[in-house]
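Worksheet for the structure shown next.
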Amino acid sequence: MSTTDLNALWQPARAGDIHLPHRLAMAPMTRNRSTAQGVPTELNAEYYAQRASMALIITEGTQPSADGQGYLLTPGLHTAEQVAGWRKVTDAVHAAGGRIVVQLMHVGRIAHPDNTPHGRQPVAPSPVRPAGTMFTASGPQEMPRPRALSTREVAMTVEDYRRAAAGAVEAGADGVEIHGANGYLVHQFLSTNANERTDRYGGSVEGRIRFATEVAAAVADEIGAGRTAIRLSPENPYNDIREDDSHELYPALLNALAPLDLAYLHLVHSGDEQLLDTLRSLWPGTLMLNRPGADLATRAKDITGGRADIVSVGMAALANPDLVGRVRSQAPLNTPDPATFYSGGETGYTDYPARHDA
């Protein structure tokens, strides 16, 4: 990595109202270690506080409502107990000198009733069953056909995001990132295969981007645009998503979101450099970029090349609680253990050694 590229990582930045000491952020990663009631624990607080040297921590996906849950042991932000649990996390991160935003993730159709306390059928834009299976306590099971949200229920879901964002701020979070990527509910509304609606939330590009823009507007209205961000993954087929018009859809979405003056846009790069350049040119504010699988040299060049203001990393931060210090000193990195990504308690979660522990 060149000295110029490396130095670019360590320059201060802003993400709306959040002042960042450098430009290397921690990407959101599901870890499945909350209680069965979706309450974060002292173990979660320890995990995030260990990584407080990152420019910004973006938490694991957090359901804004009971119907937003699809996986086992994921956290929520729709009960008082969950808010209190998140307060433990944010207090620990702030005490360690960090900054943290909660990612709000409604999974939509990527769910199984066995993974939720309520056991209800998943909800989605349309009753289209996704291909694939869902891990449950009894093993992998096919995901069921979801129930389509009514037009009234879509508006109610927007309000769920608003309330959850208020809960995040009450819990001490520095902001909220709306998960509009990876095939979950917001992304399902954007797609051409998961969204077969004929009301105002479907059909045309204008209709399919409406839910995303309404959620962003509601959250920004509730907690302030400077604390509100959104994550998008154009052309990402994950979770059985198809987008037949991404070069039309995403510019339209960014044009609709830009007037909100959000804290940042978080893009997961698909490999389409032309689309990335187009979206960079359209977005007037801070852009955070995630290149899955890319090395830090490539990510740093995105900053010096003007494609990003901040870059996010996932597995490297997962396996290295002191990632920033290791990168600065060019120390070797711990290797992540995929077998413990989604289970294991402390193992593969809070027991990765920092350099002074090794």
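Can you find even one residue in the stretch 219-238 that is assigned to a helix (DSSP H, G or I), farther than 20 Å from ILE18 by Cβ and at pLDDT 95 or above? No, the stretch 219-238 contains no residue that is assigned to a helix (DSSP H, G or I), farther than 20 Å from ILE18 by Cβ and at pLDDT 95 or above.
When the stretch 209-218 is filtered for residues that are in contact (Cβ under 8 Å) with a residue 40 or more places away in the chain, open to solvent by 10 Å² or more (accessible area, probe 1.4 Å) and assigned to a helix (DSSP H, G or I), the ones remaining, listed by number, are THR213, GLU214, ALA217.
Only one of the listed residues (PRO140, PRO146) is within 20 Å of THR30 (Cβ to Cβ) and open to solvent by 10 Å² or more (accessible area, probe 1.4 Å). That residue is PRO140. Looking across the stretch 67-99 at every residue that is outside any loop (DSSP other than H, G, I, E, B) and touching a Lys or Arg at 6+ places or on another chain (Cβ under 8 Å), the one that is farthest from ALA111 (Cα to Cα) is identified as VAL93. Answer with yes or no whether VAL169 is crowded, with 16+ Cβ neighbours inside 10 Å and closer than 23 Å to SER191 by Cβ. When the stated conditions are applied, VAL169 does not pass them.
Yes or no: the stretch 231-250 includes at least one residue that is under 18 Å from PRO284 (Cβ atoms), polar (S, T, N, Q), crowded, with 23+ Cβ neighbours inside 10 Å and in contact with a strand residue (DSSP E or B) (Cβ under 9 Å, 6 or more places away or on another chain). Checked the stretch 231-250: no residue is under 18 Å from PRO284 (Cβ atoms), polar (S, T, N, Q), crowded, with 23+ Cβ neighbours inside 10 Å and in contact with a strand residue (DSSP E or B) (Cβ under 9 Å, 6 or more places away or on another chain).
Please work out if ASP322 is in contact with a His (Cβ under 9 Å, 6 or more places away or on another chain) and either under 16 Å from LEU56 (Cα atoms) or open to solvent by less than 70 Å² (accessible area, probe 1.4 Å) (or both).
So ASP322 passes the test.
Restricted to the stretch 176-203, and to residues there that are in contact (Cβ under 8 Å) with a residue 40 or more places away in the chain and at positive phi, the residue that is most open to solvent (accessible area, probe 1.4 Å) is ASN182. Looking at the stretch 104-191, the strands (runs of 3 or more DSSP E) lying wholly inside it that each contain 1 or more residues that are under 25 Å from ALA225 (Cβ atoms) sit at 175-180.
The values are calculated or read from the model by the stated rules, or taken from the named source; none is laboratory data. Note that the coordinates shown come from a computational prediction; the quantities given were computed from them, not determined experimentally. We place every Cβ from the backbone using ideal geometry, glycine too, and count neighbours over all the protein chains shown. Ligands, DNA and RNA are stripped out before the accessible areas are found, and what is left, the full protein with its side chains, is counted by its heavy atoms. Shrake-Rupley method; radii C 1.70, N 1.55, O 1.52, S 1.80 Å.
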